[in-house]
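**Q** Quick one: this structure, given as structure tokens, is what I'll be asking you about.
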Amino acid sequence: MDTRVAGGVGASALRPDGTLKVTGEFAYSSDLWLDDMVWGVTLRSPHPSARIRSIDVTPALAMPGVLCALTHEDVPGLKFHGLDHPDTPVLAIDRVRYQGEPVALVAADHPERARRAAAAIVVDYEVTEAVTDPWRAAFDPSCPKVQEGGNVLRHQPVRVGSVFEAPVVVTGEYEVGMQDQAPLGPESGLAVPAEDGGVDLFVATQWLHVDRDQIAPCLGLPPEKVRMTLAGVGGAFGAREDLSMQIHACMLALRTGRPVKIVYGREESFFGHVHRHPARMRYEHGATEDGRLVYVKAEILLDGGAYRSSSPAVVGNAASLGAGPYEVPNVAIDAYGVYTNNPPCGAMRGFGAVQACFAYESQMDKLAEACGISPVEVRVRNAVSQGSRLITGQVIDSPAPLAEMLRELEAFPLPEEPAAGGRDLRALPGGVAQTTHGEGVRRGVGYGVGIKNICFSEGFDDFSTARVRVELAGGEPHVLVHTAAAEVGQGLVTVQAQIARTELGIDRVTVAPADTRVGSAGSSSASRQSYVTGGAVKAACEAVRARLDKLAEENPGLTLPELLERSGPVEETREYRHRPTYPMDPVTGQGDSHTQLALCVHRAVVDVDVELGLVKVVELAAVQDVGRVLNPLALEGQIHGGTAQGLGLALMEEIQVVDGRVRNPSFTDYLIPTILDMPPMRVSILENADPAAPYGLRGAGEPPTLSSTPAIAAAVRAATGRPLPRVPIRPQDIALPA
């Protein structure tokens with residue numbers, strides 16, 4: 001069977017949703033509508049820590065247009081949910097643990113009536129001491145407990161070797177602020193009650209089956225009566241891995257007997273999803289005089305906020321990757337995740353690895369300076385390669401050409417220095433605000449390296465399911481691919497179709513909407529879907545192709561349309577699992593905990609107005625090894641997008657939390673990069689196939705987020721001479737004294 005079909009693996013096949021999105025015609029979850037639907041609204045706590053004495057919903061019920069008002073007493077089943085541990089209340093019961101925690105629900109015939117009714121609910125709070133300092137939460141025995149089991153949710157050590165002395169020693173304390181995923185599409189969905197007593201939920205999410213498996217017990221329903229369909233997703237980046245409005249909309253729909261739509265406003269969105277863990281880190285690197293690492297010591301503290309979410313996995317990533325992609329024979333790392341009364345934190349692009357990367361890369365720059373060698377050279381001398389061991393003892397058993405990547409990056413030509421006078425204001429820090437015409441502006445260059453685990457780790461049963469059907473449609477062969485994998489903007493629908501074209505040699509392919517009528521595909525996170533769902537689609541296609549080949553043998557001379565006309569549709573379902581992983585040892589941190597590892601390196605060139613503390617990123621360059629390219633255009637978009645989020649973390653993005661309260665829940669005050677902030681990029685994509693992965697591919701979406709942040713920070717340090725141990729870098733951190 002000829003599999004050389006246009007639009008297959010390796011082609012820049014266009015996205016079926018692309019035109020609709022750029023023309024504004026794409027239907028997002030917030031656009032869902034049914035004629036008889038009503039609106040749901042959530043009442044949230046104004047306090048980061050308080051006991052609830054009483055909740056009175058009668059004022060809301062007395063208002064016109066209000067159909068119901070619900071509290072925790074109205075939860076039909078289990079009152080708690082969670083990704084891997086049910087610790088998060090559906091609605092607060094006797095206390096609230098963070099500002100914005102859901103307390104009550106209202107359904108009304110108009111969204112404004114629902115909002116007014118929710119505001120009319122009377123909650124009697126007894127405000128209690130909020131635990132907001134993660135150091136105190138972790139290490140002060142007198143600190144109040146946020147959760148009954150204590151404030152340390154996971155401590156993961158890594159211990160290798162015993163030599164912690166060296167001729168050259170550099171130390172540092174680093175901090176990463178709380179970054180928001182900032183998806184432009186707010187949390188939203190539509191719950192529709194069904195005749196069988198169940199509910200159909202159309203929602204923007206990252207993980208349909210784990211949503212269902214949390215929702216159903218809370219509704220007191222069997223899983224098969226909670227039917228979920230992916231609605232249009234306006235960005236995710238980890239924010240949609242945890243539940244937001246799902247159970248609430250279903251509760252209201254089942255109570256009212258009518259479809260219920262919930263759409264968060266922008267401010268509520270900041271309270272309604274998890275964020276990136278802020279981190280405080282202490283590092284010590286010891287090396288020989290020529291810059292070769294002898295040991296790394298680190299203490300990594302991650303603030304998980306009020307509930308568990310995916311914090312244990314974040315801690316595992318930070319610990320196992322805490323020394324970076326470098327060969328180091330002696331390691332003493334302690335990574336902690338702690339509960340506080342700050343906003344809950346969970347998955348965000350590169351989680352755990354991002355925070356550690358900023359610290360260890362800052363340390364490598366310090367080490368280069370202490371040894372009198374270049375930032376690139378110190379990284380090359382310590383770089384891992386195929387056959388190296390991670391600090392967990394895991395052997396890197398696929399290509400890891402880090403030294404070559406760094407040399408290639410270093411060889412890229414630098415942008416020309418601007419001529420004196422007459423510079424375009426848009427190319428200067430401060431832009432058209434005319435804060436400078438070039439005076440006080442200094443240029444800096446910096447490098448960053450990141451290593452990220454791909455797919456879920458530490459023994460998680462990570463798999464995906466795909467159903468592939470070949471049938472006649474209009475007299476021509478047609479392929480239908482059905483998975484539950486969430487398309488969250490990364491281009492997965494396109495990749496599934498490319499794989500089907502490649503494996504079956506049939507050009508006409510449709511990817512069915514993702515829903516729970518097929519087996520789980522896992523989460524659209526951890527850069528895993530091309531690997532795992534791609535592997536499942538490939539396996540199902542191979543099974544279909546085997547059946548078609550057998551039919552062809554039994555019916556010689558018949559064309560494929562004739563075979564299908566005689567046999568009817570041919571359909572196969574397959575699960576795909578990658579090789580097993582194992583938990584890290586709780587004492588030593590040793591173990592083969594990761595499926596696959598990916599590397600990216602960045603160089604940043606910046607101009608800094610050292611008098612006002614303003615930064616203009618002039619150019620970013622990246623080299624990334626992706627194993628094999630499935631879609632060149634989509635891949636380059638992933639590298640640009642991940643880099644942009646790393647730039648945001650480096651220079652502007654931070655949720656400001658003071659005493660447990662969020663001060664900037666809006667896109668007016670929480671700043672994200674725009675096209676004016678993103679510079680031109682040079683990108684080199686390497687293809688060194690991973691023999692264990694489908695097509696040899698290597699997950700690519702997260703690594704650029706890691707290495708771009710420290711590269712930009714290093715460039716700003718080079719321009720200013722300031723230590724800058726914290727991101728995002730603020731103007732007051734830069735501006736030199738008069």
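The values are calculated or read from the model by the stated rules, or taken from the named source; none is laboratory data. The structure presented is a predicted model; accordingly, all values stated were derived computationally and were not measured. Every residue, glycine as well, gets a Cβ built from its backbone with ideal geometry; the counts of neighbours run over all protein chains shown. For the accessible areas, the whole protein counts, side chains as well, though only heavy atoms, and no ligand, DNA or RNA atoms are used. Shrake-Rupley method; radii C 1.70, N 1.55, O 1.52, S 1.80 Å.
**Q** Compute the FRET efficiency between Ala6 and Glu73 as 1/(1 + (r/R0)^6), taking r as their Cβ-Cβ distance and R0 = 51 Å, and round to the nearest 0.05. Can you show the working numbers first?
**A** Working: r = 59 Å, r/R0 = 1.16.
The value I calculate is 0.30.
**Q** Using a probe of 1.4 angstrom, how much of the accessible area of region 611-738 is carbon and sulfur, in percent?
**A** Whole-percent figure for carbon plus sulfur exposure: 56.
**Q** I want the local charge near Leu686. Using Cβ-Cβ distances under 10 Å, sum +1 for each Lys or Arg and -1 for each Asp or Glu among the other residues.
**A** With Lys, Arg at +1 and Asp, Glu at -1, the neighbours total -3.
**Q** Largest first and to the nearest Å, give the Cα extent of the chain along each principal axis.
**A** 78, 73, 59
**Q** Name the aspartates and glutamates eligible as straight-distance cross-link partners of Lys21: C-alpha to C-alpha under 19 Å, and not fewer than 8 places from it in the same chain.
**A** Excluding near neighbours in sequence, the set is Asp31, Glu187, Glu487, Glu636.
**Q** Among all the lysines, which ones have a C-alpha under 19 Å from Lys550's C-alpha, if same-chain residues fewer than 8 places away are not counted?
**A** Reachable lysines: Lys538.
**Q** Based on the inverse mean of 1/r over its pairs of different Cα atoms, what is the Kirkwood hydrodynamic radius of region 1-140, in Å?
**A** 18.9 Å
**Q** Also: Using a 10 Å cut-off on Cβ atoms, rank the peptides 356-369, 404-417, 522-535, 183-196 from the highest mean neighbour count down.
**A** On the way: 356-369: 24.6, 404-417: 14.9, 522-535: 28.1, 183-196: 19.9.
Peptide ranking by packing, descending: 522-535, 356-369, 183-196, 404-417.
**Q** How long are the semi-axes of the equivalent ellipsoid of region 499-575, taking √(5λ) for every eigenvalue λ of the Cα gyration tensor, in whole Å from largest down? Provide the component values of the computation, followed by the final result.
**A** Values: eigenvalues 157, 29, 24 Å².
Its equivalent ellipsoid spans semi-axes of 28, 12, 11 Å.
**Q** Please quote Rg/Rh for region 123-212 to two decimal places, taking the Kirkwood radius as Rh and restricting both calculations to Cα atoms.
**A** My calculation puts Rg/Rh at 1.15.
**Q** Strictly over 30 Å apart at the Cα level, which of Lys452/Lys616; Lys145/Lys261; Lys79/Lys452 would you flag in this model?
**A** Correct reply: Lys145/Lys261; Lys79/Lys452.
**Q** List the extent of the Cα atoms of region 616-738 along each of their three principal axes, largest first, rounded to whole Å.
**A** 55, 33, 26
**Q** Just the accessible area per residue of the chain, please: how many Å² with a 1.4 Å probe?
**A** Dividing the accessible area of the chain by its residue count gives 37 Å².
**Q** If you average the alpha carbon positions of region 340-386 and of region 506-546, how far apart do those two centres end up, in angstrom?
**A** Taking the Cα centre of region 506-546 as reference, the centre of region 340-386 is 34 Å away.
**Q** Determine the calculated [θ] at 222 nm for the chain from helices alone, applying -39500 (n - 2.57) to every DSSP H run no shorter than 4 residues and normalising by the residue count; nearest 500 deg cm²/dmol.
**A** Roughly -8000 deg cm²/dmol at 222 nm, from the helical runs in the chain.
**Q** Rounding to the nearest 20 debye, state how big the charge dipole of the chain is about its Cα centre with +1 on each Lys and Arg Cβ and -1 on each Asp and Glu Cβ.
**A** That gives a dipole near 340 debye.
**Q** So how compact is region 64-150: Cα radius of gyration and Dmax in angstrom?
**A** In order Rg, Dmax, the Cα atoms of region 64-150 give 16.4, 52 Å.
**Q** Select from Thr436, Gly272, Thr510 the residue farthest towards the positive end of the dipole of the chain; place +1 on Cβ of Lys and Arg, -1 on Cβ of Asp and Glu, and compute about the Cα centre.
**A** Comparing the listed Cα positions along the dipole, Thr436 ranks first.
**Q** When the gyration tensor of region 353-511 is built from Cα positions, what are the square roots of 5 times its three eigenvalues, in whole Å, from largest to smallest?
**A** Gyration-tensor ellipsoid for region 353-511: 45, 28, 15 Å.
**Q** So for the chain, averaging the separation of alpha carbon pairs under 8 Å that are six or more residues apart and normalising by length, what relative contact order in percent results? Show your work: numbers first, answer last.
**A** Values: 1961 pairs, mean separation 120.0, N = 738.
That works out to 16 percent.
**Q** Turning to a different aspect of this structure: What is the mean projected area of the alpha carbon convex hull for region 645-697, to one decimal in square nanometres?
**A** Averaged projected hull area, Cα only: 7.0 nm².
**Q** Which of the peptides 448-457, 56-65 is most tightly packed, and how do the rest follow, going by the mean number of other Cβ atoms within 10 Å of each residue? Present the calculation step by step, with values, prior to reporting the outcome.
**A** Working: 448-457: 27.5, 56-65: 15.4.
Those peptides, ordered most packed to least, come out 448-457, 56-65.
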